[in-house]
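The values are calculated or read from the model by the stated rules, or taken from the named source; none is laboratory data. All figures in this text were calculated on a predicted structure; none of them were measured in a lab. Virtual Cβ from ideal backbone geometry, glycine too; neighbours counted across all protein chains shown.
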Amino acid sequence: MKRMTRLFGIPLVALFALLLAAAPSPAQSRREMQMMADIRMLQEQTQQLQQQLTDALTMLAESLKQISGRADEQTGATRKGFADQKLGIDQVAGDLRVVRARVDETNVRITSLSQEVEALRLAIPTYPPPTSTEAALTDPSASPAGMSPPAAGLPAPSPVPTPGPAGPGISPQRLYDTAWTDYTAGQWTLCIEGFSTYLRSFPRSEAADDAQFYIGECQYADGKFTDALEAYNRVIANYPKADKVADAYYKRGMAFERTGQADKARESWEQLLKTFPDAEVARLGKQSIDRLSRARPQP
């Protein structure tokens, strides 16, 4: 019996000791309660901070949304301003083109009217003033003392009119076009007459050098090389700054060659290369010089 008491007594004592050890003391309980209170306070503060952070993020998102909306509005307004400005510039450019076209048309009309006026002025025949003898013959009251009027039945001498330009009232452009039509049709005689009439009627026109050059072209095509030489020389001498001078140098060399004057032809082409090195016919002149060099017999 005692032995059993000893056997069961030891575990009971140990169990009681364990229970006493596991039971919290009052001081430990207070610390734990304080810790639990601090933990709850920290949790509440964390929740408040999270709520504040959420509110701040929400406000920031709203602000960014407003700023983005304002930026989009500003961008749209800027784009619209640029589009309106470009539209205005395009409209002004279109108006300028219209005005320029109208100015060009007006200049063409003014030029045409000037040519018409010049044609009319040149078409009006001019008569020299009558001499005293003619006045006495035609007007008895103007007869000087000592002279008797012409006998009855004798006709009074009529003044000789000065020759005027052919085709009175024809504009310069029409006259030039008519001669050009004859040139393209191979009517060399009519072409020469037309361009010669143009030069007599409008010697100071812008196309005067062209008319003189094409007179030479007609004569060259008709086989009148000597006359063509004279026409080309007139282009060079009378219109030194005209655009047909380079062509005249080249064709003069061709006319010299056709008349058997190879040295003068070379001189004309060399003058072309020296005076108008960038002209289109300068290349033809260089080829002609090379051709003469190859054709010349070697000593």
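Can you tell which of G253, G260 is surrounded by fewer than 12 Cβ atoms within 10 Å (Cβ to Cβ), more than 34 Å from the chain's Cα centre (by Cα) and in the same structural domain as I215 (by TED's automatic domain parsing)?
G260
Provide a single number: the residues in region 232-260 that are of a type in the set (A, V, I, L, M) and within 19 Å of S288 (Cα to Cα).
Selection size over region 232-260: 5.
Quick one: which residue in N238, N233 is over 28 Å from R296 (Cα atoms), in the same structural domain as R283 (by TED's automatic domain parsing) and surrounded by fewer than 17 Cβ atoms within 10 Å (Cβ to Cβ)?
So the residue among N238, N233 that is over 28 Å from R296 (Cα atoms), in the same structural domain as R283 (by TED's automatic domain parsing) and surrounded by fewer than 17 Cβ atoms within 10 Å (Cβ to Cβ) is N238.
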